[in-house]
Every structure is written in structure tokens, then in C-alpha cells.
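Following: one structure in C-alpha cells, then a few remarks.
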């Protein structure tokens, strides 16, 4: 267990964490402000990745593709909010789960219909193809470091928007008292559409950036969506700070677990069994973490709501 | 609503709305159940084995949904993780058959237990193990409510899913075939009709248990826990153990259906544990009509028929399922049974 490996894996964990934060912040914002549970959030992640892949391939520019991905995701989000989601705000959570589950089916099968089942290829731009040398001597892809940078920049921007701007004030007001800000003359319907589109844009951004590392395919948003659920449950649903903390925690614990658990079991059992048990346990690790946290704090670490 | 003293077993409204065989609801229910029983028998006589197996599939999915309906419909616990119990039941059947086929021990420590291909043993094991898993998951999840409960049950089911996926001994993500269908003493379970009748008996038993349970004091307490748990607590009954017990029974029913489902397909894989299946089970409960005894049956018939008919026309049939589901959720809240048989008294 060298220090070099540890540093490399910590940064891997951080990268997963920042991507999870982009997903989780949108989910938690939508729940905090509108009280809506949205399973179709992973579909915006997928829309962002597909739009980026298509536009990048056509124009040859990754940045143009990225912009297209974010805009496509935001537009899809706004459209979905206008047509379906706004009918669900006053419905029980069961209805919200089912309607957004229906949206997943529609988006996944629709995308499969349009683009086929085989994955699209999306490569990181060439000017980000190099490697950086980490403290300890390991070589690390620059693109992954850039992802972390973008994630941190978004987190800071989100903080500034929510705590320093008029829009952020309205969002916070919406979280604490919906009826009151309506009575004060804020156009709630517009605010809701805006918040929903904003969350979708962040998910699209995450999908586009991760799509360049992995493949762009139907269903790519679902594993991330479920991890994002774990994140916001750990962090406390509705809390951006909780989402940030939970995302980093889940990203680092998951990454380190997958590397170190098999090695740990190797110390006192045969190699083949150790790999099997270690891998199986590592896959369960963040859920165990979630169960332990919930056993002590049923509302998550930074509960924002009752 | 009457107070929950020891002599009252159910609210008075229930008795007035109980289905009689000759009213609309009673007729629809009898038609559904008789149709499910008689159509496969007729098709068997005509020699269509495929349709008999399809009927077994409908029956077992309906049974799994009956289990989920007890949690969602009667208990108000929106579990998004019932695939965990369905899959665990399936894996019990698969793993036990695997060891019986290999003549190896299922567990060597602390005592050696051989595998078994006797369905009675497998069913018992599936029910007990699913009950224990649900007890652990429910004990933690039921400390929370609302969205938290939905997400936590989902997350726990994912945990089981990833465990099965990465545990290589029993096939990992490739799944585990059941080479010889498990047997039942005195019956030929390989006969499609016999297997269908076993499944049908399971479904009827599950529905009878649900019905009996909901007419008991326990059922009255569970209904009250859904409608107003403060009021239940005021009557001197702690809602938590009531909910937990209902959750465990619900998981046992779904798990038993899973054990039979694995035998029907001769195969068990992590896809039985996937969150998509949890979602589909919820869809079936809602399509049929939530909190209605015959709802899961109506939902399962509709779902499997759509899968078979639409799936034959287009490989993108889930797109249309999504659209239908959206319309049902947004505009037709009472499901197929609400539409066929009229509204339930407490809606």
C-alpha cells in the first residue's frame, strides 16, 4: 500500500465525488424547493451526454458539444417540467415516483429508438489529453483533474448563486415557505421551471464530462442516479451542503473500498477468495455506510427539512 | 371511524362494501380469478404449452405484486426495493438446486447442510430468509418516512443486487441456471399445467392471507397506521411494530413468488434483483389499483399482456408502457380495478 497509490485513489474518489455532487445538487434542490422526488434525473444526464457526443462529432469541437449538452439537458428539463412535473407537486410521493419512472422508460426507449443500442463515442478534447505528475510521482490524466476543477467551480458558483443573488434568495424562501413567497408576488411557476432546468443542466454537464471517460449509452444515468440518491439521503434531503459532503464521502469511500478491501482480505485468506469477498463487500460498502448513518441520524447529516 | 377497543375488529364501513358475488365488484373479481384459472386449462387441453407457461408467469408476478400491495396499498409503505425479496427467493431456489444437483454441501459450517431440490424445503427457506432480510431492512428503513423511505428501500435493494452481481460462486452477473426443476413429492412439476396450478394455489393463498389479515385487528391497526399514526398511538398501539410486521409478511409473499419464478424460468440472475423490477412491480400494483385485493392480479394480467402483445410488435414497447403509465398516474388514479369494479369505500 504505497502513498502514491493512495494519493491516486483519493483523487479518483474526489473525481467521482464531484460528479456525484453535480447530480445530487440538482436532485436535492428540486426536492428542497418543490418537494418532488425525481427519478428521471438520470435521463438528463443521458441527454447531456448524447447531445455532447452528437454535436462534438459533427463540429469537431468538444467545448461546443459540452455547451450543446448543457443546453439540451436544461431545455429537456424545462420542457418536462412544463408538461409533466408541474402536475405532480401536490401529489403523493408514490405518484411522483411512478410518473418519473414512466419518464425514464420514455427517455430510455426513445433514445434507443433514435440512436440504437450501441454506444456512441465521445473523446476528451486533444488539448486535455496529457498527463500531470502527482505528488508521489504517479502520472494522472489531466482531463480527470479538469473534471474535479469544474466540479469545484460549480459548487462555488452554486454557493454564490444561492447565498448572494436574488434568485438564490427566492430559492431559499421557496424552501422555507412556499405559500408566503407566492403571496409576496414571486412567480412561483416560473421559479420552479427555472430551478428544475438548472438541476437538469448540472446533470447534463456531469453526463457530458463523464461520457468522455466512459461510453455514451442508454441507461448510463441509472447507476449514477442511485448513487446520487444515496448521497442526498446521507447528506440530508434538501441540503446543498449535505449533498457536497455526502458526494465527496461516497466518492472516496467507494473508490478506496474497491481498491483496498480485496487487499485487506488478502492478508488472512487465500487470494482468490479474498478478491471475491473483497469485491462483493466493496460493492456494498456505501450502502452499509448509509445504513449506519441512518441508524443514528434518520434525517441525514445536514437535515434541512422535517 | 370507531375507536379501536378490543371488541371491534374492523370499521363498520368495511362490512357494507364487502363484495357479494352478484354485485359489480364481485362479478369482476370472480371473472378475473376464474379466467386466470380456466383459460390456461383450456389452452392446455388444446396443447398450447407456451400459453400455460405465460399464465404461470402472470400468476407469479401477480403474487409478487400481492406482497408489495400489502406494503404500499394497505400499509402506506412505498417500498422501492421489493425486487430484493423476489430475487432472494429466486436465489434460494437456484442455489439449493445447484447444490442438490452437484451433491455438494450448501453450508459446511457450523453444521453441514446439503442442497435440496424439494420445493417444500426451498419455499420454507425462501420465506424465512426473505423475512429475516426484510426484518433487517425494515427495522432501519421504517425509522424514516416519505421520500427517505422510498430511497432507502431502493438503496438496500441495490446493495443486494451488487452483492449478487459481484459474488462469483453462484454465477455473478451471468446468473445461475437451474438444470432440473425442483420437485414436489407426488407431483410432476415439469408438467406445465401442474406447475401452473401450484403457482395459482400460491397466488390464491397469498390473496387469502392478505384478505384475512386486513379483516383482523392487525389489519385495522395497519390501516390506521397508514391513515393517521398519531391516532393509532393514542389508542395505545405503537405503529412501528405493526408496520414492521406487515413489511416482513409482504416480503415473505414476494419472496415465495420469486422462488417459484426461478423454477418457472429454470434460471436466476441479478436482473430479478434489479431496481427496474422493483419499479415494474410498483407499476403493476398501481395499474391494477392500489390497496385493492384483486388489483395486483388485474395489473399483472395487463402488464404481461402488454409485454407480450406490444413486445411482439415493437422492441421499444416500454416506450408505450411509459406513456400509458404516465396517463394512468396523471389522469386515472384508481387503476384497472377502479375502472372495472367501481371505487373502493375509503377512496
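The values are calculated or read from the model by the stated rules, or taken from the named source; none is laboratory data. Since we're looking at a predicted model, the values are computed, not measured. Cβ coordinates were reconstructed from backbone atoms using ideal geometry, including for glycine residues, and neighbour counts include every protein chain displayed.
Things to note:
Listed here are the residues, each with its yes/no results for (1) surrounded by 17 or more Cβ atoms within 10 Å (Cβ to Cβ); (2) under 30 Å from residue B:290 (Cα atoms).
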residue	(1), (2)
A:26	yes, no
A:31	yes, yes
A:42	yes, yes
A:50	yes, no
A:54	yes, no
A:58	no, no
A:76	yes, no
A:83	no, yes
A:100	yes, yes
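- Which numbered condition residue B:244 misses (of (1) modelled with pLDDT under 95; (2) in contact with a helix residue (DSSP H, G or I) (Cβ under 6 Å, 6 or more places away or on another chain); (3) surrounded by fewer than 20 Cβ atoms within 10 Å (Cβ to Cβ)): (1)
- Test: residue in the stretch B:287-304 that is out of contact with any strand residue (DSSP E or B) (no Cβ under 7 Å at 6 or more places or on another chain), at pLDDT 85 or above, over 18 Å from residue B:254 (Cα atoms) and surrounded by fewer than 18 Cβ atoms within 10 Å (Cβ to Cβ): no
- Top-ranked residue in the stretch A:285-306 [being assigned to a helix (DSSP H, G or I) and buried (at least 20 other Cβ atoms within 10 Å of the Cβ); ranked as modelled with the lowest pLDDT]: A:294
- Listed conditions (1) without any contact (Cβ under 8 Å) to a residue 24 or more places away in the chain; (2) more than 9 Å from chain A (Cβ to nearest Cβ); (3) under 22 Å from the mean Cα position of the chain (by Cα) are all met by residue B:162, apart from (2).
- Residue selected from the stretch B:138-150 under the condition closer than 18 Å to residue B:250 by Cα and assigned to a helix (DSSP H, G or I), by the criterion farthest from the other protein chains (Cβ to nearest Cβ): B:138
- Among the residues of the stretch B:128-137, those identified as more than 10 Å from chain A (Cβ to nearest Cβ) and either surrounded by fewer than 20 Cβ atoms within 10 Å (Cβ to Cβ) or closer than 18 Å to residue A:284 by Cα (or both) are B:128, B:129, B:131, B:132, B:133, B:134, B:135.
- Checking residue A:255 against (1) surrounded by fewer than 24 Cβ atoms within 10 Å (Cβ to Cβ); (2) modelled with pLDDT of 90 or more; (3) within 14 Å of chain B (Cβ to nearest Cβ), the condition it does not meet: (3)
- Members of the stretch A:142-170 that are outside any helix (DSSP H, G or I) and in contact with a strand residue (DSSP E or B) (Cβ under 6 Å, 6 or more places away or on another chain): none
- Selection status of residue B:322, facing another protein chain (nearest Cβ under 8 Å), within 25 Å of residue B:176 (Cβ to Cβ) and assigned to a helix (DSSP H, G or I): no
- Considering each residue of the stretch A:57-66 in turn, none proves to be farther than 30 Å from residue A:261 by Cβ and either within 14 Å of another protein chain (Cβ to nearest Cβ) or touching a strand residue (DSSP E or B) at 6+ places or on another chain (Cβ under 7 Å) (or both).
- Selection status of residue A:278, in contact with a helix residue (DSSP H, G or I) (Cβ under 6 Å, 6 or more places away or on another chain), farther than 21 Å from residue B:157 by Cβ and not in a helix (DSSP H, G or I): no
- Count of the stretch A:198-223 residues which are part of a helix (DSSP H, G or I) and surrounded by fewer than 23 Cβ atoms within 10 Å (Cβ to Cβ): 3
- Of the residues B:101, B:156, the single one that is within 11 Å of chain A (Cβ to nearest Cβ), part of a helix (DSSP H, G or I) and touching a residue at least 12 places away in the same chain (Cβ under 8 Å) is B:156.
- Residue identified as at pLDDT below 90 and within 21 Å of the chain's Cα centre (by Cα) among A:124, A:92: A:124
Let's see how each residue does on (1) at pLDDT 90 or above; (2) under 20 Å from residue B:124 (Cβ atoms):
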site: B:18; (1), (2): no, no
site: B:22; (1), (2): no, no
site: B:25; (1), (2): no, no
site: B:61; (1), (2): yes, no
site: B:85; (1), (2): yes, yes
site: B:103; (1), (2): no, no
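- A single member of B:138, B:175 is in contact (Cβ under 8 Å) with a residue 12 or more places away in the chain, out of contact with any strand residue (DSSP E or B) (no Cβ under 7 Å at 6 or more places or on another chain) and under 30 Å from residue A:289 (Cβ atoms), and it is B:138.
- Single residue of A:184, A:128, A:120 found to be surrounded by 17 or more Cβ atoms within 10 Å (Cβ to Cβ) and away from every other protein chain (no Cβ under 14 Å): A:120
- Looking only at the stretch A:214-229, and only at residues there that are at pLDDT 90 or above and more than 22 Å from residue A:37 (Cα to Cα), the one that is nearest to the other protein chains (Cβ to nearest Cβ): A:217
- Of the residues making up the stretch A:113-131, those that are part of a loop (DSSP other than H, G, I, E, B) and more than 28 Å from residue A:8 (Cα to Cα) number 4.
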